[in-house]
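J.: Sharing a structure, written as structure tokens. Questions coming.
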Amino acid sequence: MADVTLRGRDYRNNQPVEILASEGIIRHIRSLPADDALPLIAPGLVDLQVNGYGGIDFNSYPFAEEAAEQVARLLWQQGVTTFMPTVITNGDHEIEQMVQTLASACRAFSLVEQCIAGIHLEGPFLSAQDGPRGAHSLDYIKGPDWALFQRWQHAAEGRIRLITLSPEWPQVDDFIRDCCQQQVVVSIGHTSASAEQIASAVRAGAGMSTHLGNGAHLTLPRHPNYIWEQLAQDDLWCAMIADGEHLPMSVLKVFIRAKGDHAMLVSDVTSHAGMPPGRYQSHIGGSVVLSPTGRLSMADNPALLAGSAQGLLHGVNTLIKNAIVPRAQALEMASVRPATRLNLPVKFGLTVGAPLDAVLLQPAADESLVPLATYKNGVRVWSGE
């Protein structure tokens, strides 16, 4: 692997730097004279929730192994260098086949192996209640089943590294402890759990909240409720969708202030990203409508969203343009923080000894960031030139 030299302004302090990498690892970083013409350089983005992209759906079986490679290439154009394909609630056999196909894709394509940090299983161990269940089909919702999960994990060749569940089911704490013993991160989501159930799940090892504030009843008790309870749990990292549709700006600001360094972004992007507005049939939500503004909702209940049609960089730009957090923090919420929660090699960002996963960005007039080039393990995998 050839040596690589990158020059840009460090996203943390705007200071020009030169990064030298060999064999995909950052070996040296040195300061350069002031140069405002240089692009920003930031860590590659890390998305823990990718249902699909550009018409490719990881939840409509069958899909080809090549689909994972195509999604990886599309995500590079958004500066995403690491992602978790997300398989949601479905029939037992269908889930088994989908995770097996994703595992096969990792073996078949080296770039897929490099980019996929693991599989995110979102369901089917979720709340059966309308609202918290969101767009997940009630037909397949069930309580946690360790033998079934082990069957899926075997099919996935051990690649399920994140699971979203609701702690409202009996014996869920035992299931959580078993997951933690296998280094599977447990995230609370699509839940109507009580305060006691949430606290017990955290004690058992649950460490995340999946797209907090979404997958919830349209009307909640003032207090207590499961959103407040998750915010109050210091050991829960909070994943948020900042596409401008899932959460109001005021809610994003409050969640981020409550969680501090444990606040991070996901996209929850679906196959409808990059597609024209219109009505679509999807496993996630059935009949869904993609509006001209990019809002993806269930056709028979427009108040309920059916995932997102905006990528992770869009969420970063939402935070920046609305002055929710400084630019550097917005970028870290979509890169080193999710990598840290999953204990990925890229959690160290742009530091000596870390893999060179990076994105070059050009600030626009409205302060949003436009991707120019993306690097994965020291290789330029995409350029907008």
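The values are calculated or read from the model by the stated rules, or taken from the named source; none is laboratory data. The structure displayed is predicted, hence computed values, not measured ones. All Cβ positions, glycine included, derive from the backbone under ideal geometry; neighbour counts span all protein chains shown. Heavy atoms of the whole protein, side chains included, go into the accessibility calculation; ligands, DNA and RNA do not. Shrake-Rupley method; radii C 1.70, N 1.55, O 1.52, S 1.80 Å.
J.: Quick one: in segment 75-102, which of the residues that are part of a helix (DSSP H, G or I) and closer than 15 Å to TYR140 by Cα is least open to solvent (accessible area, probe 1.4 Å)?
T.: So, considering only residues that are part of a helix (DSSP H, G or I) and closer than 15 Å to TYR140 by Cα, the one least open to solvent (accessible area, probe 1.4 Å) is ILE95.
J.: Considering only residues of segment 29-58 that are under 26 Å from ARG341 (Cα atoms) and either surrounded by fewer than 22 Cβ atoms within 10 Å (Cβ to Cβ) or over 23 Å from the mean Cα position of the chain (by Cα) (or both), which is modelled with the lowest pLDDT? Walk me through it before giving the result.
T.: Kept after step one, since they are under 26 Å from ARG341 (Cα atoms), are these residues of segment 29-58: 29, 40-53, 57-58.
If we keep only those that are either surrounded by fewer than 22 Cβ atoms within 10 Å (Cβ to Cβ) or over 23 Å from the mean Cα position of the chain (by Cα) (or both) too, we end up with 29, 40, 57.
Values: ILE29: 98, LEU40: 98, ASP57: 94.
Restricting to residues being under 26 Å from ARG341 (Cα atoms) and either surrounded by fewer than 22 Cβ atoms within 10 Å (Cβ to Cβ) or over 23 Å from the mean Cα position of the chain (by Cα) (or both), the top hit is ASP57.
J.: On to the next question. Take the residues of segment 225-255 that are in contact with a strand residue (DSSP E or B) (Cβ under 9 Å, 6 or more places away or on another chain) and of a type in the set (D, E, K, R): which is least open to solvent (accessible area, probe 1.4 Å)?
T.: So, considering only residues that are in contact with a strand residue (DSSP E or B) (Cβ under 9 Å, 6 or more places away or on another chain) and of a type in the set (D, E, K, R), the one least open to solvent (accessible area, probe 1.4 Å) is ASP243.
J.: Please specify each residue of segment 103-135 satisfying the condition of being surrounded by 24 or more Cβ atoms within 10 Å (Cβ to Cβ) and in contact with a Gly (Cβ under 6 Å, 6 or more places away or on another chain).
T.: Within segment 103-135, GLY134 is the sole residue that qualifies.
J.: Please verify whether segment 343-361 includes one or more residues that are over 30 Å from ASP235 (Cβ atoms) and in a loop (DSSP other than H, G, I, E, B).
T.: yes
J.: With the requirement that a residue be over 25 Å from THR340 (Cα atoms) and touching a Phe, Trp or Tyr at 6+ places or on another chain (Cβ under 9 Å), what does segment 139-167 give you?
T.: Answer for segment 139-167, where residues must be over 25 Å from THR340 (Cα atoms) and touching a Phe, Trp or Tyr at 6+ places or on another chain (Cβ under 9 Å): ILE141, LYS142, GLY143, PRO144, ASP145, TRP146.
J.: Tell me, which residue of segment 1-19 that is part of a strand (DSSP E or B) and open to solvent by 30 Å² or more (accessible area, probe 1.4 Å) is nearest to LEU361 (Cα to Cα)?
T.: Checked segment 1-19; the qualifying residue nearest to LEU361 (Cα to Cα) is ARG7.
J.: Tell me, yes or no, whether segment 324-339 has at least one residue that is within 19 Å of LEU212 (Cβ to Cβ), touching a Lys or Arg at 6+ places or on another chain (Cβ under 7 Å) and assigned to a loop (DSSP other than H, G, I, E, B).
T.: Yes, because at least one residue in segment 324-339 is within 19 Å of LEU212 (Cβ to Cβ), touching a Lys or Arg at 6+ places or on another chain (Cβ under 7 Å) and assigned to a loop (DSSP other than H, G, I, E, B).
J.: Also: Please go through (1) at pLDDT 95 or above; (2) within 19 Å of ALA306 (Cα to Cα); (3) in contact with a His (Cβ under 7 Å, 6 or more places away or on another chain) for TYR140 and return the number of the only condition it doesn't satisfy.
T.: Every condition holds for TYR140 apart from (3).
J.: Let me ask something additional. What residue, among those in segment 314-349 that are farther than 24 Å from LEU74 by Cβ and hydrophobic (A, V, I, L, M, F, W, C), is farthest from the chain's Cα centre (by Cα)?
T.: ALA323
J.: Looking at segment 64-72, is at least one residue open to solvent by less than 30 Å² (accessible area, probe 1.4 Å), without any contact (Cβ under 8 Å) to a residue 40 or more places away in the chain and part of a helix (DSSP H, G or I)?
T.: Within segment 64-72 (the criterion being open to solvent by less than 30 Å² (accessible area, probe 1.4 Å), without any contact (Cβ under 8 Å) to a residue 40 or more places away in the chain and part of a helix (DSSP H, G or I)), the answer is yes, since at least one residue qualifies.
J.: Out of the residues in segment 161-188 that are part of a loop (DSSP other than H, G, I, E, B) and on the phi < 0 side of the Ramachandran plot, which is most open to solvent (accessible area, probe 1.4 Å)?
T.: PRO170
J.: Now for a different question. Answer yes or no: is there a residue in segment 84-103 that is closer than 30 Å to GLU332 by Cβ, touching a Cys at 6+ places or on another chain (Cβ under 7 Å) and modelled with pLDDT of 95 or more.
T.: no
J.: Scan segment 273-289 for residues that are touching a Phe, Trp or Tyr at 6+ places or on another chain (Cβ under 6 Å) and over 23 Å from TYR140 (Cα atoms) and jot them down.
T.: Once the filter is applied, which keeps residues that are touching a Phe, Trp or Tyr at 6+ places or on another chain (Cβ under 6 Å) and over 23 Å from TYR140 (Cα atoms), segment 273-289 yields only ALA273.
J.: Looking at LEU218 and the list (1) over 24 Å from THR270 (Cα atoms); (2) open to solvent by 60 Å² or more (accessible area, probe 1.4 Å); (3) over 23 Å from the mean Cα position of the chain (by Cα), which single condition is not satisfied?
T.: (1)
J.: Filter segment 358-385 for residues that are over 22 Å from the mean Cα position of the chain (by Cα) and in contact (Cβ under 8 Å) with a residue 60 or more places away in the chain; which is surrounded by the most Cβ atoms within 10 Å (Cβ to Cβ)?
T.: Of everything passing the filter in segment 358-385, GLY378 is surrounded by the most Cβ atoms within 10 Å (Cβ to Cβ).
J.: I would also like to ask the following. Being modelled with pLDDT of 95 or more and touching a Leu at 6+ places or on another chain (Cβ under 6 Å) narrows it down to one of GLY349, GLY315, so name that one.
T.: GLY315
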